[in-house]
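Read-outs: derived from the displayed coordinates by stated rules, not from any lab. These figures come from a predicted structure and were not determined experimentally. Note that we place each Cβ from the backbone using ideal geometry, even for glycine, and neighbour counts take in every protein chain shown.
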């Protein structure tokens, strides 16, 4: 009976989507300015992906079913030949794998083996944290330094700061907010990481080639939009003010948590079920190897140097080269300092293994973008919304942010939201107004809106890991940070609307 009603009700929804897609496969597509679409059914894979992801909390399964449904709608049942291979068998996706799987994963694995990042954070926390304020500021600073977003920021920041934060009576809800709010938001405004590469892979596609020429143009658009990623900037600023105890409005629940910790010393609420984090960080430093600050700073300086210097001198981004050289420098330094070559390579391989699931999600997300392109989803959206939005174009950036907030909160993933929204939204933005500044505003709104859900959703990996690393109750963390995040989001939407009104008015 449960299969018919309760825990498996999403199965019936999935079957309905499949039946709808099969029916759509019998229809002829509609031509709109030489691009075909299947009417409202063009959106079935994208929306089904979001619904299945929310119902099952399984991103991989949801993305895969989105691709399958795309094959059914178009009648291209061999999804391997028609969608998977054309999407992941490309130079663009190979570049994503090179940075995300080999370079980023490898660097994290080497740090796990030589203890560099953990040693740096521990040294600073033990020697410079002397009060509640300095403990929270140090957590904010670590989030800024470990600016890759996601697990690297939440895990390293939370686990290294928590002992001294506990000592200084920082409530676990407070610490989890600082850790979570300096993960993904920071990654979108300090872009020397894999985020520009991933987003470029989603938008440097044929259907957008008339306004995004190639991968370099896509990455350049990401950088141009950084000053207009209002939510990212506000989230980071709010967190800094919160850490310094200078934010006047922090919400009733957060203020209660702070008062409880100060007056009673209780770091968790009376009904909290804290998530344990001792299993989260397990260093594998070889016997006899002494971690050093150099193990952390050398690869970071190589990474930032190779990224930043050519960009300012020659207006050229060398993200792939920067990550590759950072990994090489970390390995060479570890070996020079006494680590066995085999141990260094073991760390590299273990790090790559650790992000394999992320690479699978990337592959399916890129493929789903290809599916939406083939279905003409953007052509359908443009046809049925452009007439209305042409009369009030100034609402579009703020509207896109709201849509991304809802979607990302529902699925708990900013990257999954980007995969669904970007291929549909950007062509619509260009159709409404080809003004380059309008495109930058809309791009920033999408980036910030998706990050909101990544930060706040209880099914987001960063939300879960922030609670885990800080020893906080998951839902206590969600409830206490939501008012702060919603305030930043509300201000951002107002800014987008005002800026767009100025541009289009």
message = As a footprinting exposure proxy, order 266, 273, 373 by other Cβ within 10 Å, with the fewest listed first.
response = 273, 266, 373
key: R0 of 25 Å, Cβ-Cβ distance residue 40-residue 503: FRET efficiency to nearest 0.05   = 0.25
query = What FRET efficiency, computed as 1/(1 + (r/R0)^6) with R0 = 41 Å and r the Cβ-Cβ distance, is obtained for residue 80 and residue 328, rounded to the nearest 0.05?
reply = 0.75
message = Let me check the size of the stretch 361-505 from its C-alpha atoms; what are the radius of gyration and Dmax in Å?
response = 16.3, 51
note = Cα-based Debye curve of the stretch 217-258 sampled at q = 0.24 Å⁻¹ gives log₁₀ I(q)/I(0) of -0.81
task = Neighbouring Cβ atoms within 10 Å as the yardstick, rank 182, 74 fewest first.
result = 74, 182
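Nearest 0.05, what FRET efficiency do residue 217 and residue 130 give at R0 = 51 Å with Cβ-Cβ as r?
Efficiency for this residue pair is about 0.60.
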key: Calculated over the stretch 444-499: convex hull of Cα atoms, volume per residue (Å³)   = 67
remark   = Checked the stretch 165-212 with the C-alpha gyration tensor, a ≥ b ≥ c its square-rooted eigenvalues, rounded below a/c of 1.5, otherwise prolate if a/b is larger than b/c and oblate if not; verdict prolate
key: Residue order, fewest to most surrounding Cβ atoms within 10 angstrom, among 323, 380, 297, 312   = 312, 297, 380, 323
